[in-house]
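Reading through the structure tokens given below for one structure.
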Amino acid sequence: MKISIIGTGYVGLVTGTCFAELGHQVICVDCDENKVRMLQAGGMPIYEPGLEELVRKNVASGGLRFTASTKEGVEQSQAIFIAVPTPPLEDGGVDLSFVEGVAREIATSMTTYKIVVDKSTVPVRTGEKVAETIKRYCKSKVEFDVVSNPEFLREGFAVSDFLHPDRVVIGVTSQRPVQAMKDIYGPCEAPIIVTDINSAELIKHAANSFLALKISYINALSVICEQSKANIQEVANGIGMDARIGRPFLDASLGFGGSCFPKDLSAFIKISEQLGYDFALLKEVQKINTHQMDRFVKKITDTLWVVKDKTIGVLGLAFKQNTDDIRMSPAIDLCHRLQKEGARLRAYDPKAMEKARAVLTGVEYVNDMNEVADGCDALVIATEWPEFKKLDLERARRKMTHPILFDGRNLFDAAGMERLGFIYKSIGR
Ligand code: UDX
């Protein structure tokens, strides 16, 4: 099928590339001409495992191309996916101006029946607004259908999440676009849920809020574990084996971050408020998340007593493993807080150092994870990169002024670390 994707960010680029991989003819559109030129020249604006190879392969076979012209994308496609940003407003609500702008552009470029699919994360009832907008601005009164098709892609695993989804959600107001949507996703062989648009939109916010709730639940339990000398990992394994609960998303940490959970949670609280419901449960999820970082910082300041002029090594700057994304990264937040206390920082991340440099200044960036510890009064693990498990701990202990390790991701075995001579503080253990 001929498909265009408007917006070539994380979601748009992964979606367009994977659709091409599934055998469709795809045009990725972006208003940023520099980005389009970069992609046309074989460059990649983001790091996402496996994506670059797929882009290269599908561009070479002619199934994927890039343009800055929405008109061209719309004219040459049967289905048009909207994948533009929906950034937060100051009051926690959602800025829908990019979605609205694209809806207008689509309306003015349509000359034949189109399926307009919203992939961006939007408040419930946005589909109705998109349909109204297209109707209003489409002078030639062409027929169209608006569909909601939320994404559930985890950064770092986005390609495999796309090609092997747990489910595909399709929200429609009529049966007309259903078969085409099923054909688009057919090669994925995933369960397809066909529902109304409002439910589809709600599924996305409900899913992310529930996952954030799951993390805050385990993080709250980590406090109880610390007070009662229980072990959060044992508790997580024990409750996670109940199929109704499930083990994923029960890893206690220094808090969740990223471009989705914090934003989607605030948005869903705001949407609920606008619909007349005070979603106090989700407000508590946010509070627990902030508290978890406060507790981690306190652990560091309590142990070091005076942080001013101490050298602290930080391993990990991305908001999680397998990505160069630092948006709402707990690691960056932690660095800022430690700098505020007067600490000198040395930092390393396998992928995110370039992006970190723009927002985190006054830090000594180190190119080898093992050298971060050199001369440090304490070492902190802030991101769960698997390679940090291979850290040369013997070397770190020798090279540090004091062998103190704060593990915000529970990567190491506590007893083993103590045997190695570390003062080791982790989460909920
Ligand atoms: C999330 C959703 O998972 C995805 O379905 C959605 O569509 C986009 O938002 P993403 O933001 O890429 O994906 O990251 P995710 O893997 O969900 O992790 C979010 C945050 O939670 C990270 O900071 C991560 O470190 C943290 N986390 C995750 C934990 O602290 N503990 C866990 O057990 C799992």
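The HN-Hα couplings worked out from phi for the stretch 87-93 by the Karplus form 6.51 cos²θ - 1.76 cosθ + 1.60 (θ = phi - 60°) are x, x, 8, 4, 8, x, x Hz, whole numbers, x standing for Gly and Pro. Residues whose amide H comes within less than 5 Å of that of I82, counting only those at least five positions distant or on another chain, are I6, V117, D118, K119, S120 (H built at 1.01 Å from N in the peptide plane).
Accessible surface computed residue by residue for the chain, with neighbouring protein chains in place and a 1.4 Å probe, gives 45 Å² per residue. Of R337, R125, the residue with the largest accessible area leads and the full order is R125, R337 (1.4 Å probe).
Which whole-number percent gives the relative contact order of the chain, counting Cα pairs below 8 Å spaced six or more residues apart? Display every interim value, and only then the final one.
Working: 846 pairs, mean separation 49.7, N = 429.
Answer for the chain is 12 percent.
Cross-link reach is defined here as a Cα-Cα straight distance under 22 Å, omitting same-chain residues fewer than 8 places apart; for K270 the lysines meeting it are K119, K129, K204, K214, K283, K287. Pick from I381, I312, I224: which residue has the top mean-square fluctuation in a GNM of the chain where Cα pairs under 10 Å get a spring? Highest fluctuation among the options: I224. What does the charge count around V59 come to, taking other residues whose C-beta lies under 13 Å from its C-beta (Lys +1, Arg +1, Asp -1, Glu -1)? Counting the neighbours of V59, the net charge comes to 0. Comparing D30, D392, D251 in a Gaussian network model of the chain where C-alpha atoms under 10 Å apart are linked, the largest mean-square fluctuation is found at D392. For the chain, the alpha carbon convex hull comes to 147 Å³ per residue, rounded to a whole number.
Relative contact order, percent, of the stretch 2-190 when contacts are C-alpha pairs under 8 Å separated by at least 6 residues? Spell out each step's value before the answer.
Working: 344 pairs, mean separation 39.9, N = 189.
After rounding, I find 21 percent.
Express as a percent, rounded to the nearest 5, the fraction of DSSP beta bridges in the chain (both residues included) that run antiparallel. List each step's numbers first, then the result.
Numbers: 2 of 47 bridges.
Antiparallel: roughly 5 percent of the beta bridges in the chain.
Among I215, I232, I193, the largest mean-square fluctuation in a Gaussian network model of the chain, built with springs joining Cα atoms closer than 10 Å, belongs to I193. Reducing the stretch 98-112 and the stretch 246-271 to their Cα centroids gives an inter-centroid distance of 32 Å. Mean separation of Cα pairs under 8 Å and 6 or more residues apart, divided by the residue count, gives the stretch 196-429 a relative contact order of 20 percent. Spatial offset of the stretch 355-426 relative to the stretch 177-214 amounts to 40 Å, using the alpha carbon center of each.
Sites listed here are GluC sites (Glu not before Pro) in the stretch 186-280 whose DSSP assignment is loop and whose Cβ has at most 15 other Cβ atoms within 10 Å: E189. Of the chymotrypsin sites (Phe, Trp or Tyr not before Pro) in the stretch 1-48, not one is in a loop by DSSP (not H, G, I, E or B) with at most 11 other beta carbons within 10 Å.
Cα centroids of the stretch 125-160 and the stretch 39-58: 25 Å apart.
When the Cα convex hull of the stretch 194-259 is projected onto planes of every orientation, the mean area is 5.7 nm².
In order along the stretch 8-19, the phi-based Karplus estimate (6.51 cos²θ - 1.76 cosθ + 1.60, θ = phi - 60°) of 3J(HN,Hα) comes to 10, x, 3, 5, x, 5, 5, 4, x, 5, 5, 4 Hz; Gly and Pro are listed as x.
Note that the stretch 103-114 has calculated 3J(HN,Hα) couplings of 4, 5, 4, 4, 4, 7, 9, 6, 10, 9, 3, 10 Hz, one per residue in order, obtained from phi through the Karplus relation 6.51 cos²θ - 1.76 cosθ + 1.60 (θ = phi - 60°); glycine and proline are x.
The values are calculated or read from the model by the stated rules, or taken from the named source; none is laboratory data. Not measured: the values here are computed from a predicted model. Positions of Cβ are backbone-derived with ideal geometry, glycine not excepted, and every protein chain shown enters the neighbour counts. Only protein heavy atoms, including side chains, enter the accessible area calculation; ligands, DNA and RNA are left aside. Shrake-Rupley method; radii C 1.70, N 1.55, O 1.52, S 1.80 Å.
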